[in-house]
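What follows draws every value from the coordinates through simple rules; no lab data is involved. Bear in mind that the values here come from a model prediction, so they are computed numbers and not experimental data. Neighbour counts are summed over all protein chains in view; Cβ atoms, including those assigned to glycine, are modelled from backbone coordinates with ideal geometry.
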Amino acid sequence: MCMSTDKQEPKKIIPIQAVPAEASEEMVSLYAAAKKIYPRSVEGIFAYWRWVMVAITQIVFYGLPWVEWGTRQAVLFDLEARRFYIFGLVLYPQDFIYLTGLLVISALALFLFTAVAGRLWCGYACPQTVYSEIFLWIERKIEGDRSARMRLDDADFSLKKLSKKTYKHMAWIVLSLWTGFTFVGYFTPIQELFATALAWNFGPWQFFWVFFYAFATYGNAGFMREQVCKYMCPYARFQSAMFDHDTLIVTYDAERGEPRGPRSKKTDLAVANLGACVDCTLCVQVCPTGIDIRDGLQYECIGCGACADVCDTVMEKVGYAKGLVRYTTQNAMANKWTTQQTVMRVLRPRVLVYTSILMAIIIAVGVSLAVRTPFKVDVVRDRATLARITEDGGIENVYRLQVMNASEKDKTFQLSVSGMQGLKIETETEVKVASAQSHWVVLRVTIPYGSAEAGSHKIVFDIQDASGNDVIHEKSVFIVPR
Ligand code: SF4
Ligand code: SF4
């Protein structure tokens, strides 16, 4: 047993100071009122591509419902008739698998583009960015650029201020209503909807959806703007899981830019101990989410490249090399890679895996659409009439068949049944179905009495189109009563 001979030091008594009661009652508010952001207009290569994307997405969105395909609207999701038309394709709810395929393709494409070039979708094609950009353009045309808008908001009430604000909101409301109307035009034939709108004769659902979508556009693009990206969009939160050090992001070259500070054109940077950043804050002023890219990668950054554009103009003016703020990767920045080296790193395993899976699914969905049978059949046993003995001594079961013509031509279908001895259809075996329509038929199917044991027997309906090229086999059961 080991006995310690060390003497223990006497414990020090630390006096406890009384805390004033008021200190413990101090309230800390976690709420911070949103500051209005006044993005400055910017020109440059990324701004150009953003406007190209605005033009493409909006020409497609506003124009597509007006395109005709034969005698109908080319793209129409007719929920009431449960038919979805996409140019030559006629889809039924039973084709839900293609929608699933489309969603999987969209998700994988998002993963791929994010792994390659960060928030490309957010910065250039997301409806929130696109409509905020259009609304901002209207705002600039009526109220002026950043400083003019700030002055106007700070100014006291005047007739000039009222008229500018009124014009702006009127323009926003007209655009929002047109957007809501176009959106509903994808679900209701838009020509009829337009006539209804002119006669101010909307049904309750049309009225609700046009105004709901218009209200959402007006609110999100006119007022919420960057707050949707910062606080409502889940994508901003999980995008970092898809980034790695070879993902292209908008980055400030701190090594080159710091120490930042104002200077004249003639200043010797080495003598003045200055980097390339002139601290003009223009990159902050053009940012639609109001952040400072010089603080590093932030989740609020939507990767729009506005700060890179404006910084390039500044660099040009002061006579420095462009690219102080640029699209690059963390690895390229750390290792000082050339553009070619950076681009080569794009083809990394992760990107190749995403690309291969994406291509495989696109091909699978494309092939399955190309070879799909241009009609569908649903067989439902008539539960009201289980099985009965007919006057001529047979046993009869009744079925309801829904034949859906998913082509643009009227078609005739031949029906037959097999699976039991003496099984035959007593009703009409030929069904005519108009193009893109469906038709219910009632089938009476019989067997001779005593030809099968009591119980449930598997049978198969064969539905063949008149050309004989396509056949669908639908399983069902035939009940023989005891
Ligand atoms: S725009 Fe460029 S130079 Fe001006 S503050 Fe931003 S990073 Fe610095
Ligand atoms: S930091 Fe630059 S790229 Fe990011 S949102 Fe702001 S302006 Fe766009």
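Taking only complete DSSP H runs, can you tell me which helices of the chain stretch 18 Å or more along their own long axis by Cα positions and average at least 1.6 on the Kyte-Doolittle scale? All intermediate terms of the calculation are to be shown ahead of the outcome.
Details: long enough: 45-63 (27 Å, 1.25); 96-117 (31 Å, 2.36); 127-143 (23 Å, -0.20); 159-184 (37 Å, 0.29); 204-219 (22 Å, 0.70); 306-318 (19 Å, 0.62); 349-371 (33 Å, 2.07).
Helices passing the filter in the chain: 96-117, 349-371.
Fewest Cβ neighbours within 10 Å first, please rank T412, T129 accordingly.
Numbers: T412 13, T129 27.
So the ranking, lowest neighbour count to highest, is T412, T129.
Say each of F211 and A148 gets a label point 7 Å from the Cα, pointing the same way as Cα to Cβ; how far apart are those two points in nm?
Inter-label distance under the simple model: 3.5 nm.
Using the number of other C-beta atoms within 10 angstrom as an exposure proxy, rank I447, I59, I37 with the fewest first. Display every interim value, and only then the final one.
On the way: I447 20, I59 10, I37 16.
Fewest-to-most Cβ neighbours within 10 Å comes out as I59, I37, I447.
Along its three principal axes, how long is the chain when you only count alpha carbons? Whole Å, largest extent first please.
If we take the Cα atoms of the chain, the spans are 110, 95, 59 Å.
Quantify how much of the Cα-Cα distance distribution of segment 297-448 extends past 18 Å, in percent. Write out the running numbers ahead of the final one.
Values: 8779 of 11476 pairs.
Tail of P(r) above 18 Å: 76 percent of Cα pairs.
May I ask you to compute the full-extension gain from N201 to A125, defined as 0.36 nm times their residue separation minus their alpha-carbon distance, rounded to one decimal in nm? Kindly include the intermediate steps, with their values, before the conclusion.
Values: separation 76, 0.36 × 76 = 27.36 nm, distance 3.42 nm.
Between N201 and A125, full extension yields 23.9 nm more.
Estimate the FRET efficiency between N273 and E300 by the formula 1/(1 + (r/R0)^6), using the beta-carbon distance for r and 22 Å for R0, to the nearest 0.05.
Numbers: r = 31 Å, r/R0 = 1.42.
It comes to 0.10.
Which of the trypsin sites (Lys or Arg not before Pro) found in segment 277-340 are in a DSSP loop and have at most 16 neighbouring Cβ atoms, other than their own, within 10 Å? Intermediate results must be reported in sequence, preceding the final value.
On the way: sites: R294, K317, K322, R326, K336; in loops: K322, K336.
Those satisfying the criteria are K322, K336.
I need M404, M224, M344 ordered by Cβ neighbour count within 10 Å, fewest first. Don't skip to the answer; put the middle values down first.
Working: M404 21, M224 18, M344 12.
Arranged by neighbour count, lowest to highest, M404, M224, M344 become M344, M224, M404.
Roughly how many nanometres apart are two label points built 7 Å out from the Cα toward the Cβ at V471 and L352?
4.6 nm
Just how large is the dipole of the chain about the Cα centre, in debye to the nearest 20, putting +1 at every Lys and Arg Cβ and -1 at every Asp and Glu Cβ?
Details: 51 positive and 47 negative charges, 244 e Å.
The calculated dipole for the chain is roughly 1160 debye.
Measure up K376/K424; K141/K266; K35/K141; K35/K161; K161/K322; K411/K458 against 31 Å on the Cα-Cα distance and list the ones that go over. If you can, show how the numbers build up before the last one.
Values: K376/K424 22 Å; K141/K266 37 Å; K35/K141 22 Å; K35/K161 21 Å; K161/K322 39 Å; K411/K458 28 Å.
Violating the 31 Å Cα-Cα cut-off are K141/K266; K161/K322.
Using the beta-carbon distance between Q414 and A55 and R0 = 45 Å, what value does 1/(1 + (r/R0)^6) give for FRET efficiency, to the nearest 0.05?
Details: r = 51 Å, r/R0 = 1.14.
The value I calculate is 0.30.
Would you mind computing, in nm to one decimal, how far apart the modelled labels at E258 and S163 are, each placed 7 Å from Cα along Cα→Cβ?
5.1 nm
Between M232 and V28, what FRET efficiency comes out of the Förster formula 1/(1 + (r/R0)^6) with R0 = 22 Å and r the beta carbon distance, rounded to 0.05?
Numbers: r = 25 Å, r/R0 = 1.14.
Efficiency, rounded to the nearest 0.05: 0.30.
Putting +1 on Lys and Arg Cβ atoms and -1 on Asp and Glu Cβ atoms, find which of M53, W69, L99 reaches farthest to the positive end of the dipole of segment 47-170.
Selected residue: M53.
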